[in-house]
Amino acid sequence: MPNNLPVLEFKSSTFFAPILILFNNDIVGIEEALEKKVKLAPEFFKDSPLIIDLSEINKHSKEIDFVQITQLLRRVGFFPVGIRGGNEQQNQQARELFIPIDTVRELTNLIITDEKNKPEVAQKSDSQAMPATKQEAIHAIPPRPVYVAATLITQPVRSGQRIYASGDLVVMSQVSAGAEIMAEGNIHVYNTLRGRALAGVHGNTAARIFCFDMQAELISIAGDYKTSEDLNKQTYRNPVQIYLQNHALIITEIV
Amino acid sequence: MARIIVVTSGKGGVGKTTTSAAIAMGLAKKGHKTAVIDFDVGLRNLDLILGCERRVVYDFINVINGEASLNQALIRDKNCNLLYILPASQTRDKEALTQEGVGKVLDELSKDFEYIVCDSPAGIEKGANLALYFADDAFVVTNPEISSVRDSDRMLGILSSKSRRAERGEEPIKEYLLLTRYDPDRVKNGEMLSLDDVQEILSLQLLGIIPESKSVLTASNAGVPVILDEKSEAGQAYADIVSRYLGEDRPHRFIESKKGFFSKLFGGKK
Ligand SMILES: Nc1ncnc2c1ncn2[C@@H]1O[C@H](COP(=O)(O)OP(=O)(O)OP(=O)(O)O)[C@@H](O)[C@H]1O
Ligand SMILES: [Mg+2]
């Protein structure tokens, strides 16, 4: 090889990793919940990179040991590759574990938080009781609605393929047996659904699954699931919608 | 530039090598300079079916490793001088097959040939993935049984996501269905899936149906691709497939049982 060729090159790219938001510092509870989730889609989660989001925990000033959490995640089969929303001490722990701190996204979080708290802030400024402090700085960022574009799939989803959408997922073609489609939002399949469909995978219980020809192996909304064994013969091969009501999956025909 | 065809299936023993030999011969017979490559490192079957096993000196891996030139390794077929075979190695281990190496060989062949047919090994491992990686067209060989159909479906997923075309965001590989070892009588008895059953799951463009036929075994024992046996149904089915692939319009045959056809003709009144 001629030695004037460069030995390396940097290219910009994006890297897909799910975010794990912790709401509670109960390690045993977290472990149980994780194992349950992993069982639902072992192939999907196996060796998956993961970003740990501690903002919810820190918002409620709960104590959590980042080292312990990292060890637990590795044991269950994840590769933690980032921390966001951590406090000074947690970020220091992350650095010692060579886990990078995701700061860019923290700003996005801030915007979302601001959006949620907007009425309160507005009220305070109306009464002019608000001191010119931090909140004003937050206010300077224009409130933006949280909008995640839907993912559109037009090619068949074949056995062994997995699709993950961070918003809604719309599939125009068939989903084969042995394929897996997951969305944090709703799932629409305007064709035959033979594989697994998991909507609201981050716990959105309002998510729904709509499909044109229902022959699924498994359906799940926010972790509640049914396998083909439990699926009603009546709705088999029909256009249906599936939603959650008091932790029960309801399947109704769309007429 | 050559057009690269991969003959693939996922499941083993469904008729990939039989098909590779037949269509490569069919294309060459129609006047297209064609090379057929055996990707099944360690097994080496293609040269037997083409009857050139005693003329193998160098193989695919020798060429990849730079131990032989392409011209030294390519074997010209004894029946058709537009057909060349690049045999697999029987002795080397599969690790010698690298994406870079395969790419180089295909690039070099592309300069000189019109069609390159890649006979894929079974499975969804490295060999099969390399055989399909550079493909333009895929002939998905499927038997009318559920496990074969499932594996084909899986292979189609790999074709659409792990090929060079997919990685570069180019136009996807063209996928065709070849339903082989089809036996209409057994379909009728419910022992085999029908064409419709298979298509309900795969929904692919059907390139042809190859009936179950004793002539396949006879031909492979003689080391002559079955397509040269013009009297046999399997030979005719492969000839149809080559013609359809080249754009000719040929109605599909061998879907209905012969017995069924004759009883319809003569036994209609019963
Ligand atoms: N249409 C047919 N009718 C009858 N027998 C057939 C037919 N097609 C293939 N066979 C037989 O099936 C067997 C397997 O065929 P072949 O070697 O072509 O399959 P393959 O998919 O290449 O197998 P492998 O996965 O091991 O590479 C052979 O014995 C062959 O003779
Ligand atoms: Mg073979």
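The values are calculated or read from the model by the stated rules, or taken from the named source; none is laboratory data. Keep in mind that what you see is a predicted model, and the values were worked out from it rather than measured. Cβ coordinates were reconstructed from backbone atoms using ideal geometry, including for glycine residues, and neighbour counts include every protein chain displayed. The accessibility values were calculated without ligands, DNA or RNA, using every heavy atom of the protein model including side chains. Shrake-Rupley method; radii C 1.70, N 1.55, O 1.52, S 1.80 Å.
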- [ ] Taking amide H positions as placed in the peptide plane 1.01 Å from N, state which residues far from A:Lys62 in sequence (5 or more) or on other chains have amide H under 5 Å from it.
- [x] none
TODO: Could you list, in their original order, any pairs among B:Lys11/B:Lys214; B:Lys33/B:Lys214; A:Lys46/B:Lys162; B:Lys78/B:Lys174; B:Lys33/B:Lys78; B:Lys16/B:Lys231 whose Cα atoms are separated by more than 24 Å?
DONE: B:Lys33/B:Lys214; B:Lys78/B:Lys174
Open item on the list: Using the Kirkwood radius over C-alpha pairs as Rh, can you work out the diffusion coefficient of region A:195-255 via Stokes-Einstein at 25 °C, viscosity 0.890 mPa s, in µm² per second?
Closed with: 218
- [ ] At 7 Å along the Cα-to-beta-carbon direction for both B:Arg250 and A:Glu56, put a label point, then send me their distance in nm to one decimal.
- [x] 6.2
- [ ] Determine the residues within region B:147-167 where the difference in accessible area between the chain on its own and the full set of protein chains amounts to at least 20 Å²; count protein heavy atoms only and use a 1.4 Å probe.
- [x] B:Arg150, B:Asp153, B:Arg154, B:Gly157, B:Ser160
Task: Average beta carbon contacts from partner chains per residue of A:152-165, 10 Å cutoff - done: 4
Open item on the list: Can you compute 3J(HN,Hα) from phi for each residue in region B:209-218, using the Karplus curve 6.51 cos²θ - 1.76 cosθ + 1.60 with θ = phi - 60°, rounded to whole Hz and x for Gly and Pro?
Closed with: 10, 10, x, 4, 8, 5, 4, 5, 5, 4
Task: In order through region A:224-241: 3J(HN,Hα) via Karplus (6.51 cos²θ - 1.76 cosθ + 1.60), integer Hz, x for Gly, Pro - done: 7, 9, 9, 9, 4, 4, 8, 7, 5, 4, 4, 8, 4, 6, 10, x, 9, 10
Task: Approximate spin-label separation A:Tyr147-B:Thr91, in nm, with each point projected 7 Å along Cα-to-Cβ - done: 6.7
Task: Convex hull of Cα atoms in chain B, direction-averaged projection (nm²) - done: 14.5
- [ ] For chain B, report the accessible area per residue in Å² (1.4 Å probe, heavy atoms, rounded to an integer).
- [x] 47
- [ ] Work out, in µm²/s and without decimals, the Stokes-Einstein translational diffusion coefficient of the protein assembly as shown at 37 °C, 0.692 mPa s, Rh from Kirkwood over C-alpha pairs.
- [x] 121
Open item on the list: What do you get for the angle between helix B:233-245 and the principal long axis of chain B? Use alpha-carbon atoms, 0 to 90 degrees, nearest ten.
Closed with: 60
- [ ] From zero up to wherever the largest Cα-Cα distance of region B:126-264 sits, split into 5 Å bins and tell me the percent of pairs in each.
- [x] 2, 9, 17, 18, 19, 17, 10, 4, 2, 1, 0
- [ ] Can you send over the carbon and sulfur percentage of the accessible area for the protein assembly as shown, probe radius 1.4 Å, protein chains only?
- [x] 51
Task: Threshold 20 Å², region A:170-194 residues less accessible with all protein chains present than alone (1.4 Å probe) - done: A:Gln174, A:Ala177, A:Arg194
Task: Summed buried accessible surface, chains A and B, 1.4 Å probe, nearest 100 Å² - done: 900
Open item on the list: Just to verify a number: FRET efficiency for B:Val56 and A:Ser173, C-beta to C-beta distance, R0 = 56 Å, to 0.05?
Closed with: 0.80
Open item on the list: As a test, work out the antiparallel percent of DSSP beta bridges whose residues both lie in the protein assembly as shown, rounded to the nearest 5.
Closed with: 20
Task: Protection-proxy order for peptides B:70-76, A:213-219, B:56-62, each taking the mean of Cβ atoms within 10 Å per residue, highest first - done: A:213-219, B:56-62, B:70-76
TODO: Provide Rg over Rh for region B:43-94; use the alpha carbon set for both Rg and the Kirkwood Rh (inverse mean inverse pair distance).
DONE: 0.95
Open item on the list: Give me the percent relative contact order of chain B, please, defined on Cα pairs under 8 angstrom at least 6 residues apart.
Closed with: 24
Open item on the list: Need the full-extension length gain, B:Arg168 to B:Asp112, defined as separation in residues times 0.36 nm minus the C-alpha distance. One decimal, nm.
Closed with: 17.7 nm
Task: Within-12-Å neighbourhood charge of B:Asp77 [Cβ basis; K, R +1; D, E -1] - done: +4
Open item on the list: With θ taken as phi - 60° and the coefficients 6.51, -1.76 and 1.60, list the Karplus ³J(HN,Hα) couplings across region B:53-64 in order, rounded to whole Hz; mark glycine and proline as x.
Closed with: 4, 7, 9, 6, 10, 10, 10, 3, 5, 4, 5, 4
TODO: Can you pull the one-decimal nm distance between simple spin-label points at A:Phe23 and A:Phe98, each 7 Å off the Cα toward Cβ?
DONE: 3.5
